[in-house]
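Below is one structure, written out as structure tokens; comments come after it.
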Amino acid sequence: MANLSGLNTGVANPNPNKSFEVLPAPSDSVSSLSFSPKANYLVATSWDNQVRCWEILPGSSQPKASISHDFPVLCSTWKDDGTTVFSGGCDKLVKMWPLMSGGQPTQVAAHDAPIKEMAWIQQMNLLVTGSWDKTLRYWDTRQAQPVHTQQLPERCYALTVLYPLMVVGTADRHLIIYNLQSPQTEFKRITSPLKYQTRCLAAFPDQQGFLVGSIEGRVGVHHLDDSQQSKNFTFKCHREGNEIYSVNSLNFHPVHHTFATAGSDGAFNFWDKDSKQRLKAMARCPYPIPCSTFNNDGSIFAYAVCYDWSKGAENHNPATAKTYIYLHSPLESEVKGKPRIGTGGRK
Amino acid sequence: MGKKKKRPSKVWCYYCDREFDDEKILVQHQKAKHFKCHVCHKKLSTAGGMAIHVLQVHKETVTKVPNAKPDRESTDIEIFGMQGIPPEVLAAHYGEDEEASAKVAKVEVPPNIPVSGVVPGPLGVGFPPAPTYGAVPPVYNTALPMQPPSWPVPPRAQSWYPPQPPIPVPPAPRVLPPQPLFPIQNVTPLTSTAAPGLQSSFQVGPPGLPSSTPPSVSQPLFPITSTSNAPAQSSPFLASTLPATVASSSPTVYKGAADMNSISNTPATSGYPAQSNQGGAPYTNSHMYASGPNTGGPSIGPPPVISNKAPATQPATNEVYLVWDDEAMSMEERRMSLQKYQVHDETSQMNSIDAAIDRRISESRLAGRMAF
């Protein structure tokens with residue numbers, strides 16, 4: 001059973017879902033994955049200070065290029081035209097890398113502490129970065145100074161942008177919602193509906209709300225409008241036996257608007273929030289999944305299997321730690337929404 | 001739930017006298033409440049270790065264990081879980097505890113006595129003595145509905161009854177299976193309560209209690225009924241929701257460790273004696289080792305073998321715990337503090353991270369290499 005094999009970490013099959021493995025894998029854990037919005041190019045940032053790019057072709061992956069930072073890279077994002085990649089991390093700066101044209105990376109942003117999250121806002125032509133220095137900064141890539149610096153109540157842990165909605169999750173469970181049409185003002189600041197540290201966020205494709213995941217194996221579905229508050233709910237996931245794992249990543253399918261969760265238990269699941277069902281539970285991998293993403297049309301789901309530090313430094317053995325990046329082609333049954341089951345919905 | 005009796009009473013915390021069903025939860029409680037550095041929130045493994053950490057890292061002296069009762073505040077006594085408790089304190093606690101539990105046990109007895117004379121009537125099905133009590137199976141049926149209001153109590157009641165101990169012998173192999181089988185077994189035992197044989201009773205036992213609650217599941221979770229049609233897919237999901245469901249209806253039973261998790265399931269004593277064996281060894285290991293790991297850097301060679309969270313020694317109890325439980329810091333921050341410093345102590349303060357990075361940058365600049 002997948003459960004039992006998952007208990008023997010390290011010895012078990014690292015690829016129980018028979019996903020396509022992207023090679024060569026980074027030498028240390030992967031911190032973020034992002035696909036180009038225009039083509040199947042995958043970028044992975046890693047704790048080994050590298051940012052790598054692969055071209056994903058049917059049945060194969062070609063490493064294309066890579067750049068390096070001086071410290072672990074934590075986040076990455078593509079520009080909307082699919083030509084440029086931004087990456088940032090513990091070196092407290094962001095590099096803009098016009099890789100499709102073969103250009104060299106240049107620094108475009110800086111913070112006072114490691115940069116945890118970033119996103120490209122096409123409609124504003126700005127890059128927004130969130131850092132552990134408790135600020136959100138907006139950057140026009142041609143200027144060295146930020147266009148705007150927004151104070152956050154605490155260190156930025158999670159970010160999701162879908163113009164004009166932006167939600168920032170910080171330490172101490174703050175969730176700050178911005179309307180990017182007036183980014184200087186917080187649209188709303190709430191405390192996370194989950195009782196534990198915020199880990200990841202994802203905005204609904206229709207911008208009516210967002211998903212929030214925490215370290216306590218739980219995802220909250222939250223609507224922005226007060227009139228829709230009754231549709232809010234939370235559900236538990238990524239729990240095995242009496243262990244509760246963190247939900248590390250939330251990603252909406254670009255076409256079907258169902259979503260995937262990936263957790264420290266090494267599993268990823270597909271869910272439909274409208275019918276409140278789990279569409280598919282994938283087999284557990286022996287290592288946690290720290291990050292995942294869909295490609296632009298939802299035909300590829302990329303996920304990394306490597307240690308995410310969820311059990312502290314004690315469980316990390318650099319000599320034997322493995323890192324994998326897998327690509328899963330979701331079947332329609334796994335990501336297509338299903339009608340609500342049961343009469344009148346479950347109550 | 002489990003047929004074997006737990007320790008003489010549940011485990012309890014020396015510092016604050018709170019009780020827990022499971023030593024692992026007790027250890028986590030101690031780490032979070034008593035062995036936590038008040039400056040950087042680092043959780044140590046003993047009071048002494050915490051005092052040393054605060055002294056060495058923050059240059060402060062700690063004389064009292066935080067959140068401890070007035071006469072239990074000394075940092076000199078080396079307590080880890082249930083180990084290290086002075087015998088007189090131990091005896092005093094159990095002296096009180098036995099009275100309380102005995103009362104509880106007696107409360108459970110009356111409903112069953114008229115029929116079988118043995119309290120664990122509901123769980124007596126399948127016990128070796130069971131066949132001698134022909135009336136037991138019907139008791140089980142009728143007792144089931146009675147259980148939900150008082151289900152947290154029966155496990156305590158069970159633990160006082162001799163028939164229990166013989167049962168625990170086989171559970172060692174049984175420790176693992178019940179977990180994934182939970183949801184599947186739930187459906188059948190309800191209907192076949194008089195199932196003969198030890199095996200089925202085990203599966204009946206543990207889910208016997210939670211199984212009475214599914215009807216009351218009204219949490220806005222993804223539908224359990226639907227998942228019962230696809231047990232393979234949903235079993236892990238179900239296994240985790242059931243204990244949570246059960247616990248949510250009896251939060252008061254699970255005293256303490258509230259800071260750790262809001263979900264707990266007290267009645268599941270399945271695998272308990274086996275767990276105590278398992279729990280003892282790794283705790284000892286991690287104890288001796290633990291004065292290092294929280295404070296140690298990557299110089300620690302064989303960390304994967306011993307885990308502070310002890311998830312590898314998976315006892316089949318339903319007490320749940322967070323794999324990442326540090327609310328004050330994210331995984332990346334913790335990792336970052338380690339990677340960069342290789343220092344003996346991990347701290348999560350950003351200014352420390354910044355300072356160290358700045359130092360590196362200035363060092364490399366001095367060496368003639370530009371960092372950026």
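What to note about this one:
- Verdict on A:Q143 being within 14 Å of chain B (Cβ to nearest Cβ), part of a loop (DSSP other than H, G, I, E, B) and at pLDDT below 95: no
- Residues of the range A:221-242 that turn out to be away from every other protein chain (no Cβ under 11 Å) and not in a helix (DSSP H, G or I), as a count: 4
- Looking only at the range A:80-106, and only at residues there that are farther than 25 Å from A:Y178 by Cβ and touching a Lys or Arg at 6+ places or on another chain (Cβ under 6 Å), the one that is farthest from the other protein chains (Cβ to nearest Cβ): A:G82
- Residues in the range B:7-58 that are in a loop (DSSP other than H, G, I, E, B) and among the polar types (S, T, N, Q): B:S9, B:S45, B:T46.
- Residue match in the range A:150-166 (condition: assigned to a loop (DSSP other than H, G, I, E, B), more than 14 Å from every other protein chain (Cβ to nearest Cβ) and aromatic (F, W, Y)): yes
- Looking only at residues in the range A:89-121 that are of a type in the set (G, A, S) and part of a loop (DSSP other than H, G, I, E, B), the one that is surrounded by the fewest Cβ atoms within 10 Å (Cβ to Cβ) is A:G102.
- Consider the range A:248-281 and keep the residues that are within 11 Å of A:H238 (Cα to Cα) and aliphatic (A, V, I, L, M). The one that is nearest to the other protein chains (Cβ to nearest Cβ) is A:A281.
- Test for A:C75: is it within 14 Å of another protein chain (Cβ to nearest Cβ) and either closer than 25 Å to B:S330 by Cβ or part of a strand (DSSP E or B) (or both): yes
- Residue list for the range A:285-321, restricted to those being more than 8 Å from every other protein chain (Cβ to nearest Cβ) and over 30 Å from A:H223 (Cα atoms): A:C285, A:P286, A:Y287, A:V305, A:C306, A:Y307, A:A319, A:A321
- Of the residues making up the range A:13-50, those that are under 16 Å from the mean Cα position of the chain (by Cα), free of Cβ contacts under 8 Å to residues at least 60 places away in the same chain and either within 21 Å of A:A267 (Cβ to Cβ) or outside any loop (DSSP other than H, G, I, E, B) (or both) number 2.
- Residues of the range A:226-247 include none that is over 16 Å from the mean Cα position of the chain (by Cα), charged (D, E, K, R) and on the phi > 0 side of the Ramachandran plot.
- Number of positions in the range A:39-67 that are touching a strand residue (DSSP E or B) at 6+ places or on another chain (Cβ under 7 Å) and farther than 20 Å from A:M118 by Cβ: 8
- In the range A:177-220, of all residues being of a type in the set (A, V, I, L, M, F, W, C) and in a loop (DSSP other than H, G, I, E, B), the one that is nearest to A:W132 (Cα to Cα) corresponds to A:I215.
- Looking only at residues in the range A:57-69 that are touching a Phe, Trp or Tyr at 6+ places or on another chain (Cβ under 7 Å) and not small (G, A, S), the one that is nearest to A:N125 (Cα to Cα) is A:I67.
- Test: A:Q123 is of a type in the set (S, T, N, Q) and either over 19 Å from A:M96 (Cα atoms) or within 10 Å of chain B (Cβ to nearest Cβ) (or both): no
- Among residues of the range A:280-305, those that are without any contact (Cβ under 8 Å) to a residue 60 or more places away in the chain and farther than 27 Å from A:A39 by Cβ, counted: 2
The values are calculated or read from the model by the stated rules, or taken from the named source; none is laboratory data. On a predicted model such as this, the values are computed, not experimentally measured, just so you know. Heads up, the Cβs are rebuilt from the backbone with ideal geometry, glycines too, and the neighbour counts pull from every protein chain shown.
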